[in-house]
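Take a look at the structure below.
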Amino acid sequence: MKWLKRIFGKARSTQTHSAELARNAEYVEGQLIDELDPELRKTLEQIARHDTPEARHKMLGLLKSTTLLVLSPDASTEPGPRRIERGETVNLAIAESTDGSDYVPAFTTPGLLHNYLQTGTLGYFPVDAIALMEMLEGSQTNIVLDSGAAHSVTIRYEEFEELLRYL
C-alpha cells in the first residue's frame, strides 16, 4: 500500500473533524457489527447492481452527512479521541486499481474496514466524507467506498470535484 501525504501539502479542510475512536474500536472485536445507514446501504447496493446518474446523485447527497473511516499511518492504533485539525497534514493510504488509477479506500463501518485489512494494526481516522473530498481535490485520486464489499462503489475524482463546486 502506498501513502499519500496530502499531495499538495496541507489538507484544505474547512472545519475541524473529531470522532471517538474508542467507540469505533468496539465494533471490530469479535463479531463485526454493520452500522451502515440503511438508506446509504440501499443506494450503494443499487449502484453496484445497476449504476445510474440518479443513484449516484442520491449517494453524493447522502455522503454530505456521512463520516467515513480512512487508513493512515498517522492515526494511533490505540482507542481514544483524535482530532483532525484544520490545515493539518495527514498521510492517507492509497491503493492502485487494476486500471492503474489511484484510490483512497474509505469505509462506512469499522467492520468493513477490519474485513478489508484482515490482519494488522494500521490506524484509521474518522473523517467527514466532504472533508475527505476536499483533501483529495486536485489529486486525481478516486475514493472507493467499502472496498472488497459486495456494495463497493468507486467515486471518481471528477464526481466529487463537481460536487465541491456547488457546496
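We did not get these values from a lab; they are worked out from the coordinates using the rules stated. A quick note: this is a predicted structure, and the numbers were derived from the prediction, not measured. Reconstructed Cβ throughout: ideal geometry from the backbone, glycine too, with neighbour counts over all protein chains shown.
Side notes on the structure shown:
- Förster radius 25 Å - calculated FRET efficiency between residue 74 and residue 96 (Cβ-Cβ, nearest 0.05): 0.75
- Of the residues 143, 47, the one with the fewest other Cβ atoms within 10 Å heads the list, and the complete ranking is 47, 143.
- Arranged from fewest to most other beta-carbon atoms within 10 Å of their beta carbon, 156, 49 become 49, 156.
- Mean Cβ count within 10 Å, highest first, over the residues of peptides 160-166, 68-74: 68-74, 160-166
- Stretch gain in nm, segment residue 51-residue 164, where the contour uses 0.36 nm per residue and the Cα spacing is subtracted: 38.5 nm
- Within the range 97-167: Cβ-based charge dipole about Cα centre, in debye rounded to nearest 20 (Lys, Arg +1; Asp, Glu -1): 260
- Taking other C-beta atoms within 10 Å as the exposure proxy, 52, 154, 108 rank 52, 154, 108 from fewest upward.
- Inter-part distance where the range 95-163 and the range 50-72 are each reduced to a Cα centre, Å: 11
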